[in-house]
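Visitor: Next up is a structure, given as structure tokens.
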Amino acid sequence: MVITNWFPASAIEYNITSITGQQVLGMGNIDDLHQYYWTNKDKNQLKKGDNAYLIIPSHLFYFRNFNLVKQHFSSFDQPLTITQTRGGILCQYIYIFRFKGYKP
């Protein structure tokens, strides 16, 4: 799992990767990553050819961050789009991208 910002990374790490056993690796600068900038060194790094997922809510999707991740992979799949509602009203989408072929 790769992230570009500490939030929603902290929520993803607590709610998803703690159950799936995946790790969260930060990509980007320290101002966006906060503690993930420092914890990367303690985690298994992506190897050439690895695949990774990026989960991002629609209200936090920025092409700058998406392109930052995209440049490190050969390709990506169209995102799985999950609709999030509150009280029966659409409030946002959750995008799950699968990136393929990590390029160090």
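Taken together, the values in this text are just the output of simple stated rules run on the coordinates, not laboratory data. Bear in mind the structure is a predicted one, so any value in this text is a computation, not a measurement. A quick note on method: Cβ atoms are made from the backbone with ideal geometry, for glycine too, and the neighbour counts reach across all protein chains shown.
Visitor: Does the stretch 32-47 hold any residues that are farther than 15 Å from residue 100 by Cβ, surrounded by fewer than 15 Cβ atoms within 10 Å (Cβ to Cβ) and either in contact (Cβ under 8 Å) with a residue 12 or more places away in the chain or in contact with a Pro (Cβ under 8 Å, 6 or more places away or on another chain) (or both), and which are they? Before you say what the answer is, go through the steps one by one.
Guide: Of all residues in the stretch 32-47, those farther than 15 Å from residue 100 by Cβ come to 32-45.
When the remaining residues are screened for being surrounded by fewer than 15 Cβ atoms within 10 Å (Cβ to Cβ), the result is 35, 38, 41-45.
Those that are farther than 15 Å from residue 100 by Cβ, surrounded by fewer than 15 Cβ atoms within 10 Å (Cβ to Cβ) and either in contact (Cβ under 8 Å) with a residue 12 or more places away in the chain or in contact with a Pro (Cβ under 8 Å, 6 or more places away or on another chain) (or both): 35, 43, 44, 45.
Visitor: I need a count of the residues in the stretch 48-94 that are free of Cβ contacts under 8 Å to residues at least 60 places away in the same chain, surrounded by 15 or more Cβ atoms within 10 Å (Cβ to Cβ) and in contact with a Gly (Cβ under 7 Å, 6 or more places away or on another chain).
Guide: So the count comes out to 1.
Visitor: Could you please find all residues in the stretch 51-95 being more than 11 Å from residue 2 (Cβ to Cβ) and among the charged types (D, E, K, R)?
Guide: Selection gives 64, 77, 86.
Visitor: Determine, yes or no, whether residue 30 is of a type in the set (A, V, I, L, M, F, W, C) and within 19 Å of residue 93 (Cβ to Cβ). Even if it seems obvious, please write down each step before you answer.
Guide: Details: of a type in the set (A, V, I, L, M, F, W, C): yes; within 19 Å of residue 93 (Cβ to Cβ): no.
For residue 30, the condition - of a type in the set (A, V, I, L, M, F, W, C) and within 19 Å of residue 93 (Cβ to Cβ) - is not met.
Visitor: So which residues in the stretch 1-15 are hydrophobic (A, V, I, L, M, F, W, C) and either in contact with a helix residue (DSSP H, G or I) (Cβ under 7 Å, 6 or more places away or on another chain) or surrounded by 15 or more Cβ atoms within 10 Å (Cβ to Cβ) (or both)? Write out each step before concluding.
Guide: First, pick out the residues of the stretch 1-15 that are hydrophobic (A, V, I, L, M, F, W, C): 1-3, 6-7, 9, 11-12.
The answer is 1, 2, 3, 6, 9, 12.
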